[in-house]
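First comes the structure, then the notes that go with it.
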Amino acid sequence: MTLSAAEVHKLKLAPPVEGVLPVVLNRWSPRSFSNREVSSADLRRVFEAARWAASAYNEQPWRYLVGIRNSLTYKKIFSTLIGFNQSWAGSAPVLILCVTSTKFSHNGTSNTYAVHDLGAASSYLTLQASALGLSTHQMAGFDQDAARKAFGIPDSYAFGSVIALGYQGEPSALGHEQLLAAEIEQRSRKALSEFVLSAWDTPAELA
Ligand SMILES: Cc1cc2nc3c(=O)[nH]c(=O)nc-3n(C[C@H](O)[C@H](O)[C@H](O)COP(=O)(O)O)c2cc1C
(Lines give C-alpha, C1' and ligand atoms only; values in the text may rest on other atoms or scores of the structure.)
Protein backbone atom coordinates (compact mmCIF):
# COMPACT_ATOMS: atom_id res chain seq x y z
CA MET A 1 0.00 0.00 0.00
CA THR A 2 1.39 3.41 -0.97
CA LEU A 3 1.30 6.25 1.52
CA SER A 4 -0.37 9.54 0.58
CA ALA A 5 1.61 12.76 0.19
CA ALA A 6 0.29 14.01 3.55
CA GLU A 7 1.25 10.76 5.29
CA VAL A 8 4.74 10.88 3.81
CA HIS A 9 5.19 14.51 4.82
CA LYS A 10 4.33 13.59 8.40
CA LEU A 11 6.78 10.71 8.36
CA LYS A 12 9.57 12.92 7.03
CA LEU A 13 9.31 15.70 9.62
CA ALA A 14 12.23 15.96 12.01
CA PRO A 15 11.19 15.22 15.60
CA PRO A 16 10.17 18.44 17.37
CA VAL A 17 12.91 20.11 19.39
CA GLU A 18 11.75 22.94 21.59
CA GLY A 19 12.87 26.31 20.30
CA VAL A 20 14.06 25.09 16.89
CA LEU A 21 12.41 26.89 13.99
CA PRO A 22 9.52 24.86 12.54
CA VAL A 23 10.68 25.53 8.96
CA VAL A 24 13.95 23.78 9.75
CA LEU A 25 12.14 20.75 11.11
CA ASN A 26 9.58 20.67 8.30
CA ARG A 27 11.92 20.91 5.31
CA TRP A 28 12.73 17.70 3.51
CA SER A 29 13.45 16.82 -0.11
CA PRO A 30 10.68 15.04 -2.02
CA ARG A 31 11.11 13.63 -5.52
CA SER A 32 7.43 13.72 -6.35
CA PHE A 33 6.04 17.16 -7.17
CA SER A 34 2.41 18.02 -7.89
CA ASN A 35 1.24 19.85 -11.03
CA ARG A 36 0.48 22.96 -9.00
CA GLU A 37 2.42 25.97 -10.24
CA VAL A 38 4.44 28.24 -7.98
CA SER A 39 3.11 31.81 -8.01
CA SER A 40 5.52 34.50 -9.12
CA ALA A 41 4.91 36.23 -5.74
CA ASP A 42 6.15 33.13 -3.90
CA LEU A 43 9.04 32.73 -6.31
CA ARG A 44 10.02 36.28 -5.51
CA ARG A 45 9.77 35.55 -1.76
CA VAL A 46 12.18 32.61 -1.91
CA PHE A 47 14.75 34.76 -3.70
CA GLU A 48 14.20 37.62 -1.23
CA ALA A 49 15.18 35.16 1.51
CA ALA A 50 18.31 34.14 -0.39
CA ARG A 51 19.09 37.82 -0.92
CA TRP A 52 19.47 38.45 2.80
CA ALA A 53 22.01 35.72 3.47
CA ALA A 54 25.38 36.80 4.84
CA SER A 55 28.43 36.61 2.58
CA ALA A 56 32.15 37.34 2.77
CA TYR A 57 32.73 41.06 2.09
CA ASN A 58 28.98 41.23 1.46
CA GLU A 59 29.91 40.11 -2.05
CA GLN A 60 26.61 38.26 -2.59
CA PRO A 61 28.36 36.05 -5.16
CA TRP A 62 25.29 33.91 -5.88
CA ARG A 63 23.42 33.96 -9.18
CA TYR A 64 20.27 31.93 -9.81
CA LEU A 65 19.06 30.91 -13.26
CA VAL A 66 15.35 30.25 -12.86
CA GLY A 67 13.49 27.99 -15.22
CA ILE A 68 9.68 27.83 -15.13
CA ARG A 69 8.13 24.75 -16.71
CA ASN A 70 8.00 24.89 -20.54
CA SER A 71 10.44 27.80 -20.72
CA LEU A 72 13.71 27.54 -22.60
CA THR A 73 15.60 28.09 -19.33
CA TYR A 74 13.79 25.14 -17.73
CA LYS A 75 14.50 22.93 -20.73
CA LYS A 76 18.17 23.85 -20.71
CA ILE A 77 18.56 23.14 -16.98
CA PHE A 78 16.64 19.87 -17.28
CA SER A 79 18.83 18.75 -20.18
CA THR A 80 21.95 18.99 -18.00
CA LEU A 81 20.61 16.65 -15.29
CA ILE A 82 21.94 13.10 -15.06
CA GLY A 83 19.49 10.36 -16.05
CA PHE A 84 18.53 9.47 -12.47
CA ASN A 85 17.56 13.05 -11.69
CA GLN A 86 15.76 13.42 -15.03
CA SER A 87 13.65 10.41 -14.02
CA TRP A 88 11.90 12.46 -11.31
CA ALA A 89 12.82 16.17 -11.48
CA GLY A 90 10.68 16.85 -14.53
CA SER A 91 7.61 16.87 -12.26
CA ALA A 92 8.87 20.02 -10.53
CA PRO A 93 7.39 23.22 -11.97
CA VAL A 94 10.58 25.20 -11.30
CA LEU A 95 14.24 24.29 -11.76
CA ILE A 96 16.93 26.64 -10.47
CA LEU A 97 20.59 26.49 -11.46
CA CYS A 98 22.80 27.90 -8.67
CA VAL A 99 26.03 29.60 -9.69
CA THR A 100 28.55 31.72 -7.79
CA SER A 101 31.24 34.26 -8.66
CA THR A 102 34.67 33.07 -7.51
CA LYS A 103 36.29 36.52 -7.82
CA PHE A 104 35.73 39.44 -5.48
CA SER A 105 34.28 42.38 -7.40
CA HIS A 106 36.24 44.97 -5.36
CA ASN A 107 39.71 43.72 -6.31
CA GLY A 108 39.40 40.67 -8.57
CA THR A 109 41.08 38.30 -6.08
CA SER A 110 39.89 34.79 -5.50
CA ASN A 111 36.82 34.45 -3.25
CA THR A 112 37.39 31.11 -1.55
CA TYR A 113 34.06 31.49 0.24
CA ALA A 114 32.02 31.78 -2.95
CA VAL A 115 30.57 28.27 -2.79
CA HIS A 116 30.08 28.55 0.97
CA ASP A 117 28.07 31.75 0.53
CA LEU A 118 26.04 30.31 -2.34
CA GLY A 119 25.19 27.36 -0.10
CA ALA A 120 24.11 29.70 2.69
CA ALA A 121 21.86 31.69 0.36
CA SER A 122 20.42 28.50 -1.09
CA SER A 123 19.65 27.25 2.43
CA TYR A 124 17.71 30.44 3.11
CA LEU A 125 15.87 29.82 -0.16
CA THR A 126 14.93 26.27 0.84
CA LEU A 127 13.78 27.32 4.30
CA GLN A 128 11.69 30.19 2.93
CA ALA A 129 10.17 27.73 0.49
CA SER A 130 9.34 25.44 3.40
CA ALA A 131 7.69 28.35 5.24
CA LEU A 132 5.49 28.92 2.19
CA GLY A 133 4.41 25.27 2.03
CA LEU A 134 6.71 24.63 -0.93
CA SER A 135 9.23 21.83 -1.28
CA THR A 136 12.75 21.84 -2.67
CA HIS A 137 15.13 19.12 -3.73
CA GLN A 138 18.72 20.01 -4.48
CA MET A 139 20.80 18.07 -6.98
CA ALA A 140 24.52 17.80 -7.59
CA GLY A 141 23.81 15.29 -10.35
CA PHE A 142 24.08 17.50 -13.40
CA ASP A 143 26.68 18.15 -16.06
CA GLN A 144 28.44 21.38 -15.11
CA ASP A 145 30.22 21.72 -18.45
CA ALA A 146 26.93 21.33 -20.29
CA ALA A 147 25.31 23.92 -18.00
CA ARG A 148 28.19 26.35 -18.55
CA LYS A 149 27.86 25.93 -22.28
CA ALA A 150 24.06 26.10 -22.35
CA PHE A 151 24.00 29.44 -20.51
CA GLY A 152 27.37 30.92 -21.52
CA ILE A 153 28.47 31.05 -17.88
CA PRO A 154 31.97 32.59 -17.54
CA ASP A 155 34.81 30.43 -16.16
CA SER A 156 35.05 32.68 -13.11
CA TYR A 157 31.71 31.32 -11.89
CA ALA A 158 31.48 27.99 -10.03
CA PHE A 159 28.45 25.78 -9.62
CA GLY A 160 26.37 24.83 -6.64
CA SER A 161 23.32 22.65 -7.06
CA VAL A 162 20.25 22.56 -9.26
CA ILE A 163 17.17 23.04 -7.08
CA ALA A 164 13.81 21.52 -7.98
CA LEU A 165 11.03 23.67 -6.48
CA GLY A 166 7.29 23.09 -6.25
CA TYR A 167 4.58 21.50 -4.13
CA GLN A 168 5.03 17.98 -2.83
CA GLY A 169 3.25 15.43 -5.00
CA GLU A 170 1.76 12.00 -4.42
CA PRO A 171 4.46 9.35 -3.96
CA SER A 172 2.45 6.97 -6.15
CA ALA A 173 3.22 9.25 -9.13
CA LEU A 174 6.86 8.20 -8.96
CA GLY A 175 7.67 5.85 -11.78
CA HIS A 176 9.67 3.07 -10.20
CA GLU A 177 10.13 1.14 -6.97
CA GLN A 178 13.53 2.58 -6.03
CA LEU A 179 12.19 6.14 -6.11
CA LEU A 180 9.07 5.18 -4.21
CA ALA A 181 11.09 3.39 -1.51
CA ALA A 182 13.32 6.46 -1.03
CA GLU A 183 10.27 8.74 -0.90
CA ILE A 184 8.79 6.92 2.08
CA GLU A 185 12.06 6.19 3.88
CA GLN A 186 12.65 7.71 7.33
CA ARG A 187 15.18 10.55 7.39
CA SER A 188 18.28 10.20 9.53
CA ARG A 189 20.95 12.50 10.89
CA LYS A 190 24.20 12.21 12.81
CA ALA A 191 24.05 12.85 16.54
CA LEU A 192 25.23 16.29 17.67
CA SER A 193 28.09 14.54 19.50
CA GLU A 194 29.53 13.53 16.12
CA PHE A 195 29.93 17.07 14.83
CA VAL A 196 29.78 19.54 17.71
CA LEU A 197 33.19 19.34 19.36
CA SER A 198 35.15 20.95 22.15
CA ALA A 199 38.40 19.40 20.89
CA TRP A 200 39.17 17.18 17.89
CA ASP A 201 37.40 13.84 18.55
CA THR A 202 35.80 15.21 21.74
CA PRO A 203 32.11 16.05 21.67
CA ALA A 204 31.16 19.40 23.16
CA GLU A 205 29.01 19.23 26.25
CA LEU A 206 25.62 20.67 25.44
CA ALA A 207 22.66 21.05 27.73
C1 LIG B 1 24.32 19.70 -2.69
C2 LIG B 1 23.31 18.59 -2.74
C3 LIG B 1 23.32 17.71 -3.79
C4 LIG B 1 22.33 16.71 -3.90
N5 LIG B 1 22.29 15.94 -5.02
C6 LIG B 1 21.23 15.12 -5.22
C7 LIG B 1 21.04 14.50 -6.49
O8 LIG B 1 21.80 14.69 -7.44
N9 LIG B 1 19.95 13.70 -6.62
C10 LIG B 1 19.07 13.47 -5.61
O11 LIG B 1 18.10 12.74 -5.83
N12 LIG B 1 19.21 14.07 -4.40
C13 LIG B 1 20.26 14.91 -4.19
N14 LIG B 1 20.39 15.59 -2.99
C15 LIG B 1 19.42 15.40 -1.90
C16 LIG B 1 20.04 14.74 -0.68
O17 LIG B 1 20.22 13.37 -0.91
C18 LIG B 1 19.13 15.03 0.54
O19 LIG B 1 19.10 16.41 0.79
C20 LIG B 1 19.65 14.29 1.78
O21 LIG B 1 19.47 12.90 1.63
C22 LIG B 1 18.94 14.74 3.04
O23 LIG B 1 17.55 14.59 2.89
P24 LIG B 1 16.56 15.80 3.21
O25 LIG B 1 16.91 16.93 2.26
O26 LIG B 1 15.18 15.25 2.92
O27 LIG B 1 16.78 16.21 4.61
C28 LIG B 1 21.37 16.58 -2.86
C29 LIG B 1 21.39 17.47 -1.78
C30 LIG B 1 22.33 18.48 -1.72
C31 LIG B 1 22.28 19.45 -0.57
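Checked against (1) more than 16 Å from the chain's Cα centre (by Cα); (2) within 14 Å of the ligand (Cβ to nearest atom); (3) basic (K, R), R31 passes all but a single condition, namely (1). Tell me yes or no: at least one residue of the stretch 18-34 is surrounded by fewer than 13 Cβ atoms within 10 Å (Cβ to Cβ) and of a type in the set (D, E, K, R). So far as the stretch 18-34 goes, yes, one or more of its residues are surrounded by fewer than 13 Cβ atoms within 10 Å (Cβ to Cβ) and of a type in the set (D, E, K, R).
Of the residues making up the stretch 34-50, none is at pLDDT 95 or above, within 13 Å of the ligand (Cβ to nearest atom) and more than 20 Å from V162 (Cα to Cα). Only a single item in (1) within 16 Å of the ligand (Cβ to nearest atom); (2) within 17 Å of the chain's Cα centre (by Cα) is not met by V66, and it is number (1).
I need the helices (runs of 4 or more DSSP H) fully contained in the stretch 102-207, keeping only those with at least 2 residues that are surrounded by fewer than 19 Cβ atoms within 10 Å (Cβ to Cβ) and touching a strand residue (DSSP E or B) at 6+ places or on another chain (Cβ under 8 Å).
Result: 114-131, 144-151, 192-195.
Could you grab me the full set of residues in the stretch 163-185 that are within 16 Å of the ligand (Cβ to nearest atom) and touching a helix residue (DSSP H, G or I) at 6+ places or on another chain (Cβ under 7 Å)? Of everything in the stretch 163-185, those that are within 16 Å of the ligand (Cβ to nearest atom) and touching a helix residue (DSSP H, G or I) at 6+ places or on another chain (Cβ under 7 Å) turn out to be I163, A164, L165, Q168, G169, P171, L174, G175, L179, L180, E183, I184. Among the residues of the stretch 186-202, the one identified as within 13 Å of the ligand (Cβ to nearest atom), charged (D, E, K, R) and without any contact (Cβ under 8 Å) to a residue 40 or more places away in the chain is K190. Please count how many residues of the stretch 82-96 are crowded, with 18+ Cβ neighbours inside 10 Å, outside any loop (DSSP other than H, G, I, E, B) and within 13 Å of the ligand (Cβ to nearest atom). Matching residues across the stretch 82-96 total 5. Candidates V8, V17, V23: the one that is within 16 Å of the ligand (Cβ to nearest atom) and without any contact (Cβ under 8 Å) to a residue 60 or more places away in the chain is V17.
Whether a residue is away from the ligand (no atom under 13 Å from the Cβ), free of Cβ contacts under 8 Å to residues at least 60 places away in the same chain and under 19 Å from the mean Cα position of the chain (by Cα) was assessed, and S101 passes this test.
The values are calculated or read from the model by the stated rules, or taken from the named source; none is laboratory data. Being a predicted model, the structure only gives us computed values, none of them experimental. No Cβ is skipped: glycine too gets one built from the backbone with ideal geometry, and neighbour counts run over all protein chains shown.
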